[in-house]
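Asks: Structure in structure tokens, see below.
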4 protein chains.
Amino acid sequence: MNVAMIGGGFMGKAHAMAYAAMPMFFWPAPAIPVRKVVVDITQEAADDARVRFGFEESSADWRSVVERDDIDVVDIVTPNDSHAEIAIAAAKAGKHIICEKPLARTGEEAKPMLDAVREAGVIHMVAFNYRRTPAVALARKFIDEGRIGDIVNFRGTYLQDWSADPDSPLSWRFQKNVAGSGAVGDIGTHVLDFARYLAGEITGVYAVNRTLIPSRPVASGHLDKLGAGGGGAGAERGAVDVDDETITLLRFANGAMGSLEASRNAYGRNNYLTFEVHGTKGSLVFNYERRDELQVMFADDPADARGFRTIYTGAAHPYGEGLWPIPALGIGYGETKIVECYDLFKAIAENTQPSPNFEDGYRISQIADAMIRSGESGSWVEI
Amino acid sequence: MNVAMIGGGFMGKAHAMAYAAMPMFFWPAPAIPVRKVVVDITQEAADDARVRFGFEESSADWRSVVERDDIDVVDIVTPNDSHAEIAIAAAKAGKHIICEKPLARTGEEAKPMLDAVREAGVIHMVAFNYRRTPAVALARKFIDEGRIGDIVNFRGTYLQDWSADPDSPLSWRFQKNVAGSGAVGDIGTHVLDFARYLAGEITGVYAVNRTLIPSRPVASGHLDKLGAGGGGAGAERGAVDVDDETITLLRFANGAMGSLEASRNAYGRNNYLTFEVHGTKGSLVFNYERRDELQVMFADDPADARGFRTIYTGAAHPYGEGLWPIPALGIGYGETKIVECYDLFKAIAENTQPSPNFEDGYRISQIADAMIRSGESGSWVEI
Amino acid sequence: MNVAMIGGGFMGKAHAMAYAAMPMFFWPAPAIPVRKVVVDITQEAADDARVRFGFEESSADWRSVVERDDIDVVDIVTPNDSHAEIAIAAAKAGKHIICEKPLARTGEEAKPMLDAVREAGVIHMVAFNYRRTPAVALARKFIDEGRIGDIVNFRGTYLQDWSADPDSPLSWRFQKNVAGSGAVGDIGTHVLDFARYLAGEITGVYAVNRTLIPSRPVASGHLDKLGAGGGGAGAERGAVDVDDETITLLRFANGAMGSLEASRNAYGRNNYLTFEVHGTKGSLVFNYERRDELQVMFADDPADARGFRTIYTGAAHPYGEGLWPIPALGIGYGETKIVECYDLFKAIAENTQPSPNFEDGYRISQIADAMIRSGESGSWVEI
Amino acid sequence: MNVAMIGGGFMGKAHAMAYAAMPMFFWPAPAIPVRKVVVDITQEAADDARVRFGFEESSADWRSVVERDDIDVVDIVTPNDSHAEIAIAAAKAGKHIICEKPLARTGEEAKPMLDAVREAGVIHMVAFNYRRTPAVALARKFIDEGRIGDIVNFRGTYLQDWSADPDSPLSWRFQKNVAGSGAVGDIGTHVLDFARYLAGEITGVYAVNRTLIPSRPVASGHLDKLGAGGGGAGAERGAVDVDDETITLLRFANGAMGSLEASRNAYGRNNYLTFEVHGTKGSLVFNYERRDELQVMFADDPADARGFRTIYTGAAHPYGEGLWPIPALGIGYGETKIVECYDLFKAIAENTQPSPNFEDGYRISQIADAMIRSGESGSWVEI
């Protein structure tokens, strides 16, 4: 199956690796992804990406690429503002699509994307990879099997500090016209994906959003290094027009309540994507910074042996047939993307929609919009 | 200094121990507390408490006791509904007072208590002992010294599961007429005390409160065993008219935002009283379940050596001159009460008001009231 | 029951607190300890200790005190070199005895102590308090009930850093004539107590012992502040003639193997007393720095839910009837001493020998001797 | 650069992934590895491996492959008993070589391998990948920069439980003629690599080795699933003639002491590869199960802010230029192998020997031999 990957940045690295590695891990593979064409902004950048990421061809013109007859799958790893245009064109050309998250800058922008893939009848996926962490999938399994009872409370956080320094650069992630929103869309949506995956549909939000650093040094170049580079105290500064932080209350369709906290100003937190779920028969706790582990507590354990179990995921857990043979050999970011790739091609091979797909992506964009609106209005927003 | 302790339950144990142990730890002591009289509901119970807790005398009549000339300090460790009456009588008799938390069932009830101690000119303290944990006091020290900059975010939780079982007994803690409120007043107020101690005054709250277990087996006897005893599936059930859980947004006077979660239905959490504080120069993290430890991250550490430090408190930290000589010999609940006792008698000896005192207790009752009202109205309540 | 406490330092504080608090916690108490006489080196020091520790009388002459008719229990909390003399005199006077660990400087010195208490028919205890931590007692319970199968491996450590600084003072703990040995006797013996408690009798040792800091500043005064005070770079230095560190292999009677590491030079470790026990059906892990917790793994758990459980000890665990009503209210050093006191007076009331008693103390001294000899000879020493 | 990979099992997966991914991560890459030929036991297995691992060709005859002119690098990922023969042939053919650990079954077997690569003048590497974990490389950096002073103690463990069940299958890892030794060679050598990397050369060992499970069910097929498959209570059993567990004392050239514990019978431990290093100015702690983290304590931190820092490795740490842009995106087993591949090709490009190379591999095999001999003789063995 031939893949055209649109975009050659940090996410391109992760996806390219997954195309190469997926069959190595999940074998026999549902399909062998062929890295056919990579597209970047300039032909020079695309050539560089071709060699680096092991693609056969390169191009600076995504439009012609997504229409090529020999392309089966289009992979969108560009900044948020181009997702819709590319995805709609790819759908019209009848391509299966995987799109980086968030699906679009707003729900309004995401809706025609969903319409397009539905009309085209293609397979579609949105790349909320973190739920592919085996420990997260194990949490879902415990819930599905009723082992922690009915869920009454969901608490999710995504805390980072790569941009907590006021002198870290103003990349596209801090610009509303490109990113749509800030912490809400960039990292908060990952928590929303966890919340819906584990506790079910979200029907209402109440949010407080804040911009803590109102201006940042203008970044040179188009690269997004996630704060690792550039900026500096002396540089020219531009305005940040997105949120740095949100604290949001969540109401679920099943009656559960919850909260979501996402922040780019949490010094000491790196990729602190966590959840704590309370059920009527037990609890689940996860922290992506220690992603090999799921903590689970079963209320019906003997009185003298109750407590959170720290489970290291391995062969006995979700995706264990493909990943490393013993627990704690180690799940990295790469492995989450390999699993994502596996689920995509499995869905294509079986002609079923994977999860999360554009429907989920659209819904999450709507919820993110609701968070922004709630923050502005100071009232609950139903979705 | 002669102490009359009103109440002989679990809290009486903790306080009696502190009176005996305080001078052993903090020496020379600001004063030697003498366990003069203990009061319980019946003379028989009081006699039992006298021997058990090492008091000289016992009584079933708190009114006459608090008026005795030879009593210097009145210690109120009864259920919440009797705090006000006893405290006001003690104040009128000119006694110094330490009162268990929450100060009263409501702010309205707490106000005359504050008025009474002010009018009497006595020393007054409310027993939010957890801030006396050396690690919490160290957090405050780091903040006071500007080592984590300006505080922008406070996140506090108090999660428990001793009453998560629907068949655990209906003690006074689940009855509004005695307790005032549920998780809000019982455990949420400890978080409020942390929040004000670390991040400053709270000016507004937005709360969602829920009762998850609407009825419980009626408990036999007057004892409050915190769920350790009684109840059972076959017993007669009574209605719970207080909250089991709250998720509250907090607005601080200094512009910081925050959240508070308190739950009695968090399976696997025992005494999970935590905070995470983000500042402009660092962060602080604490979990009372591992109370010997404070985690602190300083943003100006060298790039290759940045990360949370886990500090075990000892001689180099607050109260280190009185507690155990090396870190991690171990702070237990007892030690927090010994420190509280020390601060009380030091305040009496120096004739200064300790902190938190009735003013703080009144303020916290007001905030708790605001949480309840916000939950009912679905809107922010300013305090 | 009247207690005479010989010694008024840091350990005196811990023991005095326990006498006062024990009946408050364990009620009805097996007996009410009365703090009758405290003895210190000078009358002035003893008077000070009397007020501080709440004793009725004070004395500078331990010999006359241990022979008083009205004394039931003698408590020895002096440096190691005086244990034997006091204990033998107390035994001859027919007193029950609790003696701080290690029982003596050597096994040779401990033997007549054991002979004396046996001959006198008194109750005797050696104060290895750490095994009284509820989590440690719970580990023993799991082992006794066969829940982790046969033990095959024991790993214990006791790592500290209060004297890792070469300029921390030369207290009696670094002088062979007073202490007997260094890390081996002072902290290694606690690990030996754990090892024997959990894995059974030790029959052979192979040890490497080292003195890493050969001289230290001479300390002023007789006080032992565990490194918290004194010394300094400019002070006169004296030779250290005991070990700072040991790594010892252990052979158990039941065929298990193990290791013990004790160090005073482990920067960052405070009171890092740990064990890891592997059985044929599971494992146990404990770290005193987080002493409310025991970790246990049961091999027969379902494949998808295997992992260490973190159990916070409370009412459902050993000593839960007397300690705090819910887990993680908090076990401190004080609580371990309260439990020790309870077990002592229970033994006296029931006229049975508690554990560990002088027999255990003698055996541990023999093993410690064997560790020293093994270190000198470079060969296994059978005990 | 064309690679021939000999072996197509679990390790083949890891290496193949690294060849594909290395340039994606480290760009510009020192060289682009081309997956030229993969060799397995049968042509059928090799064909399968070719498709799965993305090689251009397949073969069942390693001898002819290693002599092909178009092969630059030979990668040996077969069981231990064939390492020597393949490596020597490859060296004679002038190929650069990477060989899985341990280099050989014994030092005696490893010596001619070292001789061969030396004589051939090729680049050689032994695949102790765990030291490529950024957190481990960071530990080395702190040591090199003197930030924890002189090392006095090294404690390393490698504990697993995938074969703790007596009914898990008898793979080649339990057969001396294939594996050379058991826990000593399979996992203990990883600890030896850490020990030499961090604390310097090892000059003597004293070991106790044991076989805890003397027989296991004979495994069907040649596959090594690390205990994930096969066996069962009813199957025919074969003898285990290697060790399951070792406890070893280590003596270092620089005067430091240490210990090593490796076990396949540590229930609850999965890939528990740890070290704790004490220096004269600080300490380092690492646990591969939480491999994104290094803990470091600097003794010269301010008295009130001393404690282990938990550092999540990222752009500011070793290999940060190639790995994920922010800490805790996540290092998995895959990433360690990508770094290893990078270091190999960098060494080839720069014509310098990487570390660890066959010299290290030979030395480690000698030390492992010494551990076996020491276990048999009960005495120290100098190396």
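Asks: Rounded to a whole number of µm²/s, how large is the Stokes-Einstein D of segment A:2-128 at 37 °C and 0.692 mPa s, given Rh as the Kirkwood radius over C-alpha pairs?
Replies: My calculation gives 228 µm²/s for D.
Asks: Same structure, new question: With all distinct Cα pairs included, what does the Kirkwood hydrodynamic radius of the protein assembly as shown come out to in Å, to one decimal, could you say?
Replies: Values: mean 1/r = 0.0292 Å⁻¹.
34.3 Å is the Kirkwood radius here.
Asks: In angstroms, what radius of gyration and Dmax does segment D:62-176 have, counting Cα atoms only?
Replies: Radius of gyration, then largest Cα-Cα span, for segment D:62-176: 18.1, 51 Å.
Asks: From the backbone phi of segment B:313-327, what are the Karplus-calculated ³J(HN,Hα) couplings (6.51 cos²θ - 1.76 cosθ + 1.60, θ = phi - 60°) in whole Hz, Gly and Pro given as x?
Replies: 6, x, 4, 8, 10, x, 6, x, 5, x, 7, 5, x, 10, x
Asks: List every residue whose amide H lies under 5 Å from the amide H of A:SER58, counting only residues 5 or more places away in sequence or on a different chain, with H placed 1.01 Å from N in the peptide plane.
Replies: A:VAL38
Asks: If you don't mind, another one. Kindly write out, for segment B:201-206 in residue order, the coupling ³J(HN,Hα) from the Karplus curve 6.51 cos²θ - 1.76 cosθ + 1.60 (θ = phi - 60°), rounded to whole Hz, with x marking Gly and Pro.
Replies: Taking θ as phi minus 60°, the curve returns 5, 9, 10, x, 9, 10 Hz for segment B:201-206.
Asks: Ordered shortest first, which distances in nm separate the 7 Å Cα→C-beta label point of A:ASP241 from those of the other copies?
Replies: In ascending order, 5.4, 7.7, 8.1 nm.
Asks: Rounded to whole Å, give me the distance from the Cα center of segment C:149-188 to that of segment C:83-113.
Replies: 21
Asks: Oh, and also: What's the local net charge at D:ILE348, with K and R +1, D and E -1, over the other residues with C-beta under 12 Å away? Let's see the in-between values first.
Replies: Details: positive: D:LYS95, D:LYS346; negative: D:ASP72, D:ASP343, D:GLU350.
It works out to a net charge of -1.
Asks: Let me ask something else. Normalised by the residues of chain D, what does the relative contact order come to in percent, with Cα pairs under 8 Å and at least six apart?
Replies: For chain D, the relative contact order is 21 percent.
Asks: Measure out, as a whole number of angstrom, how far apart the alpha-carbon centroids of segment B:235-250 and segment D:280-353 sit.
Replies: When both Cα centres are located, 47 Å separates them.
Asks: Amide H neighbours of C:SER259 under 5 Å, at least 5 residues apart or on other chains, H built in the peptide plane: list them.
Replies: C:PHE154, C:ARG155, C:GLY156, C:LEU250
Asks: Continuing with the same structure: Any idea how many Lys pairs in chain B come in under 21 angstrom at the alpha carbon, given 8 or more places apart or on separate chains?
Replies: The result is 25.
Asks: Check which residues have an amide H placed less than 5 Å from C:TYR267's amide H, if you skip close sequence neighbours.
Replies: D:GLY279
Asks: Against the empirical 2.2 N^0.38 Å scaling, what ratio does the C-alpha Rg of segment B:125-197 come to? Please list the in-between numbers first.
Replies: Numbers: Rg = 15.7 Å, N = 73, 2.2 N^0.38 = 11.2 Å.
Computed over Cα atoms of segment B:125-197, the ratio equals 1.40.
Asks: Given charges of +1 on the Cβ of Lys and Arg and -1 on the Cβ of Asp and Glu, with all other atoms neutral, how large is the dipole of the protein assembly as shown about its Cα centre, in debye to the nearest 20?
Replies: About 0 debye.
Asks: Please tell me the relative contact order of segment C:2-128 in percent, rounded to the nearest whole number, where contacts are Cα pairs under 8 Å and at least six residues apart. All intermediate terms of the calculation are to be shown ahead of the outcome.
Replies: Details: 235 pairs, mean separation 29.1, N = 127.
Relative contact order, segment C:2-128: 23 percent.
Asks: A further question follows. Among chain B residues, which Cβ is nearest the axis of the B-onto-C rotation, and at how many Å?
Replies: With distances in whole Å, chain B gives B:GLY332, 1.
Asks: For chain B, with only Lys/Arg (+1) and Asp/Glu (-1) charged at the beta-carbon, what is the dipole magnitude about the Cα centre, in debye rounded to 20?
Replies: Working: 38 positive and 52 negative charges, 104 e Å.
Magnitude of the dipole: close to 500 debye.
Asks: Among C:ALA45, C:PHE55, C:MET24, which residue has its Cα furthest toward the positive end of the charge dipole of segment C:12-71, with +1 on Lys/Arg Cβ and -1 on Asp/Glu Cβ?
Replies: Toward the positive end, the furthest listed residue is C:MET24.
Asks: If you don't mind, there's one more thing I want to ask. With n ≥ 4 as the cut-off for DSSP H runs, can you work out [θ] at 222 nm for chain B, using -39500 (n - 2.57) per run divided by the number of residues, rounded to the nearest 500?
Replies: Details: 10 runs with 120 residues, N = 383.
That comes out to -9500 deg cm²/dmol.
Asks: Which of these, A:ALA45, A:ALA135, A:ALA316, has the largest mean-square fluctuation under a Gaussian network model of chain A (Cα springs below 10 Å)?
Replies: Maximum fluctuation in the GNM of chain A, among the listed residues, is at A:ALA316.
Asks: Write down Rg/Rh for segment A:107-153, rounded to two decimals, with Rg from the C-alpha atoms and Rh from the Kirkwood relation over Cα pairs.
Replies: 1.17
Asks: Treating only the Cβ atoms of Lys and Arg (+1) and Asp and Glu (-1) as charged, compute the dipole magnitude of segment D:83-138 about its Cα centre; round to the nearest 20 debye. Intermediate results must be reported in sequence, preceding the final value.
Replies: Numbers: 8 positive and 6 negative charges, 46 e Å.
Roughly 220 debye, rounded to the nearest 20.
Asks: Give me the Kirkwood hydrodynamic radius of chain B, using the inverse of the mean 1/r over all pairs of distinct Cα atoms, in Å to one decimal. Present the calculation step by step, with values, prior to reporting the outcome.
Replies: Working: mean 1/r = 0.0469 Å⁻¹.
With all distinct Cα pairs of chain B included, I get 21.3 Å.
Asks: Debye calculation, C-alpha points only, no solvent: report log10 I(q)/I(0) for segment B:238-383 at q = 0.09, 0.14, 0.21 Å⁻¹, in the same order as the q values.
Replies: -0.43, -1.03, -1.37
Asks: A follow-up question, please. Using a label position 7 Å from Cα in the Cα→Cβ direction, what is the ascending list of nm distances from B:ASP300 to the same site in the other copies?
Replies: 1.8, 5.7, 5.9
Asks: What are the ³J(HN,Hα) values, in whole Hz, obtained from phi via the Karplus relation 6.51 cos²θ - 1.76 cosθ + 1.60 with θ = phi - 60°, for each residue of segment D:139-151 in sequence order, with x given for Gly and Pro?
Replies: Taking θ as phi minus 60°, the curve returns 4, 4, 4, 4, 5, 4, 7, x, 6, 10, x, 7, 7 Hz for segment D:139-151.
Asks: Further, regarding this structure: Under the Kirkwood approximation applied to all pairs of distinct alpha-carbon atoms, what is the hydrodynamic radius of segment C:163-209 in Å? Before the final figure, lay out the partial values.
Replies: Details: mean 1/r = 0.0802 Å⁻¹.
Final number for the Kirkwood radius of segment C:163-209 is 12.5 Å.
Asks: Name the residue farthest towards the positive end of the dipole of segment D:131-382 from the options D:TYR333, D:ILE148, D:PHE345, assuming +1 on Cβ of Lys and Arg, -1 on Cβ of Asp and Glu, about the Cα centre.
Replies: Toward the positive end, the furthest listed residue is D:TYR333.
Asks: Something else: Taking a label point 7 Å out from Cα toward Cβ, give me the nm distances from B:ALA60 to the same spot in the other copies, shortest first, one decimal.
Replies: Going from nearest to farthest copy, the values are 5.2, 9.6, 9.6 nm.
Values quoted throughout were computed directly from the atomic coordinates according to the rules given, and no laboratory measurement underlies them. Remember, it's a predicted structure, so these values are computed and weren't measured experimentally. When we count neighbours, we look across all protein chains shown, and the Cβ atoms used for this are built from the backbone with ideal geometry, even at glycine.
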